[in-house]
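Here the structure is laid out as structure tokens; the discussion comes afterwards.
The values are calculated or read from the model by the stated rules, or taken from the named source; none is laboratory data. Owing to the predicted nature of the structure, the values given are computational and were not obtained by experimental measurement. Backbone-built Cβ (ideal geometry, glycine too); neighbour counts: all protein chains shown. To get the accessible areas, we keep the full protein, side chains included, count just its heavy atoms, and leave off ligands, DNA and RNA. Shrake-Rupley method; radii C 1.70, N 1.55, O 1.52, S 1.80 Å.
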Amino acid sequence: MEDLAFLLSQYKETLKDTHKLLERADDCYTFDDQLKSDKKIIEGIIEDLEFAISWMETGRRPGNKRGIERLAAYQRERPFDPLLMQKYFRNMDDQLYEWDDHIQEDSITSWDKERIEDALSVLSKREKEIYLMSRGRNIPYSQIAKYLGVTIGTVKTNIKRAEAKISQQITESLFCVC
């Protein structure tokens, strides 16, 4: 940590010196091509020093709107574990959908099955079908849209709506709270 503090102080000192150098270059009244070229180089050095100092002080790349810990991939929350959802889908004893060709497996406990069925009970028929296609079978949105004859936006909207309903049901249901 001391090395970083020392390095940061050196960068700041160099930045001050470089600003003074740029001021001296500005004070020169002769504007030939060499002086303009030198000023551009000095301005580039100042920009690089400010970028490096900002990075060292904040611990993240300057100009990013959010840090690595807040990337969209980390913000996505699934109401259910995707593997549990797939096991539930394979455990279903009836073939509700024409696209469904799974072979029934006994891979989840009856308690998990009850919890999932309770959470899915709040979905409309269409939302449930799209949700099971996406989360139960891992079918891409584009293929779901093509198969059902809807747009990808409709699929995304239904998934988002289904996840919101499931999340709410999980927080309010007695089956899912335990």
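Within segment 45-65, residues that are closer than 18 Å to Leu21 by Cβ have Cβ atoms under 8 Å from residues that are modelled with pLDDT of 80 or more and open to solvent by 80 Å² or more (accessible area, probe 1.4 Å) in these pairs: Ile53/Lys12, counting only partners at least 6 apart in sequence or on another chain.
Counting residues in segment 122-133 that are open to solvent by 70 Å² or more (accessible area, probe 1.4 Å) and at pLDDT 85 or above gives one or more.
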